[in-house]
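Presented below is the structure to which this report refers.
The values are calculated or read from the model by the stated rules, or taken from the named source; none is laboratory data. Just so it is clear, the model here is predicted, and its values are computed rather than measured. Methodologically, a virtual Cβ is constructed for each residue, glycine included, from the backbone with ideal geometry; neighbour enumeration extends over all protein chains shown. Only protein heavy atoms, including side chains, enter the accessible area calculation; ligands, DNA and RNA are left aside. Shrake-Rupley method; radii C 1.70, N 1.55, O 1.52, S 1.80 Å.
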Amino acid sequence: MKVLVADDHAFAREGLKLFVGEAPGVTAVGEAATGLETLQRLRRDGPWSVLVLDINMPDRSGLDILRHVRSGSPETRVLVLSGFP
């Protein structure tokens, strides 16, 4: 299973990568710091099994990224993270 962690906070990305990387069956863990980088990694390095997506990215909405993922990489499962209530 390949997991892509997309979050604009380096501390969160590193923690999630360490946590996810220890899970059984995970063969690769990638990261992206912006919405644009997330979409580029999905196209360039895919297919990804799971995308862990921060809903609040600096250059584009996580919901916009989610729409792109659903249309361009429908096999990728998405786990959305949010610090918002």
- Message: Can you classify the range 37-85 as rounded, prolate or oblate using the Cα gyration tensor, where a ≥ b ≥ c are the square roots of its eigenvalues, rounded means a/c under 1.5, and otherwise it's prolate if a/b beats b/c and oblate if not?
- Response: prolate
- Equivalent ellipsoid dimensions for the chain as semi-axes, Å, which come from the Cα gyration tensor, largest first: 18, 16, 11
- Note on the structure: Residues meeting the amide H criterion for VAL52 (H placed from the backbone, H to H distance under 5 Å, 5 or more places apart or on another chain) are LEU4, VAL5, ALA6, LEU79
- What list of ³J(HN,Hα) couplings, whole Hz, do you get for the range 41-54 from phi and the Karplus terms 6.51, -1.76, 1.60, once you set θ to phi - 60° and write x for glycine and proline? 5, 4, 6, 6, 10, x, x, 9, 6, 9, 10, 9, 10, 6
- Item | Karplus (6.51, -1.76, 1.60) ³J(HN,Hα), θ = phi - 60°, over the range 77-85, in Hz, Gly and Pro reported as x | 7, 10, 10, 8, 10, 8, x, 8, x
- Message: Could you derive backbone 3J(HN,Hα) for the range 12-22 from the dihedral phi with the Karplus parameters 6.51, -1.76 and 1.60 (θ = phi - 60°), listing whole Hz in sequence and x where the residue is Gly or Pro?
- Response: 5, 4, 4, x, 5, 4, 5, 5, 5, x, 7
- Item | the chain: GluC sites (Glu not before Pro) falling in loop per DSSP and having at most 13 other Cβ within 10 Å | GLU22, GLU75
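For the chain, report the accessible area per residue in Å² (1.4 Å probe, heavy atoms, rounded to an integer).
Working: 4990 Å² over 85 residues.
Solvent-accessible surface per residue comes out at 59 Å².
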